[in-house]
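What follows draws every value from the coordinates through simple rules; no lab data is involved. Since this is a predicted model, take the numbers as computed values, not measurements. Every residue, glycine as well, gets a Cβ built from its backbone with ideal geometry; the counts of neighbours run over all protein chains shown.
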Amino acid sequence: MDAVLRAVAIYAVLLVIFRLTGKRSMAQVTTFDFIILLIVGEATQQALLGEDFSITQAALVIATLVLLERLFDYASWRLPRFKRVAEGLPVIVVENGRPLQEAMTKEQITTDDVLSAARESQGLERMDQIKWAVLEASGGISIVPKTST
């Protein structure tokens with residue numbers, strides 16, 4: 001039972017850490033981000049397994065973490081309020097070509113990030129060509145271009 005309790009505790013800690021670091025933390029993983037994730041994985045392994053490195057212990061911890069993830073997925077699917085807390089909500093960062101600085105500052109998004117997403121997804125070059133830019137709950141930036149009328 002100790003392994004299950006440690007797995008639940010580490011899962012909660014990791015969930016809080018990744019929620020506090022913001023949506024962009026996993027949107028685009030660089031080489032350095034990958035190395036940090038490996039270090040976090042090693043630290044998590046030590047915290048979860050402690051001194052017992054048996055296969056049974058490892059299997060129990062992995063099963064607990066997978067079960068917790070599935071329970072969170074199910075709760076997010078069934079309970080919209082839980083989904084908002086666990087995953088966050090999309091945030092509008094550009095409206096009719098005008099950057100919303102307060103939202104961008106809060107989410108640590110720059111105009112360069114928005115323009116990069118606009119070029120990649122829509123081939124847009126300027127902010128005034130964007131009707132909406134939305135920082136999705138997944139961390140990606142969705143662009144809705146202005147339509148020519």
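If each residue of separation counts as 0.36 nm, what is the full-extension length gain between Leu15 and Gln101 once their alpha-carbon separation is subtracted?
On the way: separation 86, 0.36 × 86 = 30.96 nm, distance 2.73 nm.
Between Leu15 and Gln101, full extension yields 28.2 nm more.
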For the stretch 116-133, 3J(HN,Hα) per residue [Karplus equation, 6.51 cos²θ - 1.76 cosθ + 1.60, θ = phi - 60°, Hz, x = Gly/Pro]: 4, 5, 5, 5, 5, 8, 10, x, 8, 10, 10, 4, 5, 8, 9, 7, 9, 10
What nm distance separates the two modelled labels at Gln122 and Gln108, each placed 7 Å from Cα along Cα→Cβ? 2.6 nm
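What is the gain in length, in nm to one decimal, between Arg81 and Trp132 on full extension, counting 0.36 nm per residue of separation less the C-alpha to C-alpha distance?
Fully extending the segment from Arg81 to Trp132 adds 15.9 nm.
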